[in-house]
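Worksheet: one structure, shown below.
Every read-out reported here was derived from the displayed coordinates using simple, explicitly stated rules and does not represent laboratory data. Computed from a predicted structure; not experimentally measured. Don't worry about glycine lacking a Cβ; one is built from the backbone with ideal geometry, like all the others, and counts go over all protein chains shown.
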Amino acid sequence: MAKQLQNPIAALISLPLQYNWDTGIGTADADRSTLNVQPVIPFDLNTDWNLISRTIVPLIDADASVAGGDDHSGVGDVVQSLFFSPKAPTAGGWIWGVGPVFLLPTASDSA
């Protein structure tokens, strides 16, 4: 189970959360907090292959980066990745996946 949790293309449903805090932004020395919600959902295609869906939804709260500017908060652009991956590692122990990545312009604010 521990190895599956560390494997980004494992056939295991998971909901990783990543928190980033940035400071010193712009002339106002502003802060920005980003929580990336990253559900990973595998789909069983057949006995040998999985399709793994990984979505990144950024939730952003940003102070104004210039004096007199506006604070912003909302949803950023969504990144959708789809990986085709064999269920078993290669003979050398490699685990791999290949597939497209899409950037969906879903931001609630264009700033």
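As a check on your grasp of the helix formula, calculate [θ] at 222 nm for the chain: sum -39500 (n - 2.57) over DSSP H runs of n ≥ 4, divide by the residue count, round to the nearest 500.
Value at 222 nm, helices only, nearest 500: -1000 deg cm²/dmol.
Name the residue from 80, 21, 51 whose Cα lies farthest towards the positive end of the charge dipole of the chain, charges +1 on Cβ of Lys and Arg and -1 on Cβ of Asp and Glu.
51
Mind checking the full-extension length gain between residue 51 and residue 66? Use 0.36 nm per residue of separation minus the Cα-Cα distance, one decimal, nm.
Gain on extension, residue 51 to residue 66, equals 1.0 nm.
Roughly how compact is segment 2-104, stated as its Cα Rg over 2.2 N^0.38 Å to two decimals?
Cα Rg divided by the expected 2.2 N^0.38 Å: 1.42.
What is the gain in length, in nm to one decimal, between residue 25 and residue 96 on full extension, counting 0.36 nm per residue of separation less the C-alpha to C-alpha distance?
21.9 nm
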